[in-house]
Amino acid sequence: MKKVFEIYIKTTPDRLWQAITDAEMRSKYNFGVRISSDFTPGSSYEQIHPATDALLGEGENLEVDPPRRLVQSMTALWSEDVKSEGTSRVTWEIEPVGDSCRLIVTHDNLREGANEELYGGWPMILSGLKTLLETGELLTTPGSLMYSSQAER
């Protein structure tokens with residue numbers, strides 16, 4: 001199964017790449033989750049949140065072509081339900097369009113009928129990314145903020 005998400009963001013490819021790969025920026029639109037990696041081809045990454053000691057996800061950077069394309073394997077670990085889903089793949093593709101960028105995120109290698117927890121958050125994550133890059137503000141939907149109070153404790 002494959003899920004494809006497309007969004008246009010008024011920013012440069014370099015700024016968009018930084019927002020995807022910088023732990024601090026990523027946490028601002030990704031439910032507080034930070035990604036830790038050196039983003040070299042074949043390197044690993046981990047997803048962590050300050051509110052928990054548990055690893056929330058991990059994978060490998062399969063293709064790294066800044067600021068155009070990032071392909072990662074992903075093993076979700078944030079709940080027992082998603083742990084059993086195995087490894088999927090996330091591809092980030094950045095294409096400049098005038099003074100903006102077209103971002104396509106493809107989440108594939110999902111089993112048919114995969115748990116929606118694996119891919120259901122992408123619209124909110126990408127909306128938060130767009131909001132952050134275009135306004136400097138954080139998206140304040142309840143889902144976007146669901147872990148923020150835990151992070152501040």
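If you place +1 on the Cβ of every Lys and Arg and -1 on the Cβ of every Asp and Glu, how big does the dipole about the Cα centre of the chain come out, in debye to the nearest 20? Before the final figure, lay out each step's value.
Numbers: 15 positive and 24 negative charges, 57 e Å.
So the dipole magnitude of the chain works out to roughly 280 debye.
Under a 1.4 angstrom probe, counting protein chains only, how are LYS130, LYS10, LYS83 ranked by accessible area, largest first?
Working: LYS130 60, LYS10 120, LYS83 90 Å².
Result, largest first: LYS10, LYS83, LYS130.
Among PHE31, ILE7, THR52, whose Cα projects farthest towards the positive end of the dipole of the chain, with charges put on the beta-carbon of Lys, Arg (+1) and Asp, Glu (-1)?
Result: ILE7, furthest along the dipole toward the positive end.
If the elastic network links every pair of Cα atoms under 10 Å, which of ASN109, ASN61, ASN30 fluctuates the most in the Gaussian network model of the chain?
In the Gaussian network model the winner is ASN109.
How big, on average over all directions, is the shadow cast by the Cα convex hull of the chain, in nm²?
Numbers: hull surface 34.1 nm².
With the hull built on Cα positions only, its mean projection is 8.5 nm².
Quick one: which of LYS83/LYS130; LYS3/LYS83; LYS2/LYS130 span more than 24 angstrom between C-alpha atoms? Present the calculation step by step, with values, prior to reporting the outcome.
Details: LYS83/LYS130 29 Å; LYS3/LYS83 19 Å; LYS2/LYS130 22 Å.
Pairs exceeding 24 Å: LYS83/LYS130.
Quick one: net charge around ARG89, please, counting Lys, Arg +1 and Asp, Glu -1 for every other residue with C-beta under 15 Å from its C-beta.
Details: positive: LYS2, LYS3, ARG69, ARG111; negative: GLU58, GLU60, GLU63, GLU85, GLU93, ASP108.
Cβ neighbours under 15 Å give a net charge of -2.
Which one, LEU138, SER84, PRO67, projects farthest toward the positive side of the charge dipole computed for the stretch 8-153 from Cβ point charges (K/R +1, D/E -1)?
LEU138
Could you check which residue among ASP99, ASP14, ASP65 shows the biggest mean-square fluctuation in a GNM of the chain with a 10 Å Cα cutoff?
ASP99
The values are calculated or read from the model by the stated rules, or taken from the named source; none is laboratory data. Source: prediction; values computed, not measured. Neighbour counts are summed over all protein chains in view; Cβ atoms, including those assigned to glycine, are modelled from backbone coordinates with ideal geometry. The protein model used for the area step is the full one, side chains on, heavy atoms only, and it has no ligands, DNA or RNA in it. Shrake-Rupley method; radii C 1.70, N 1.55, O 1.52, S 1.80 Å.
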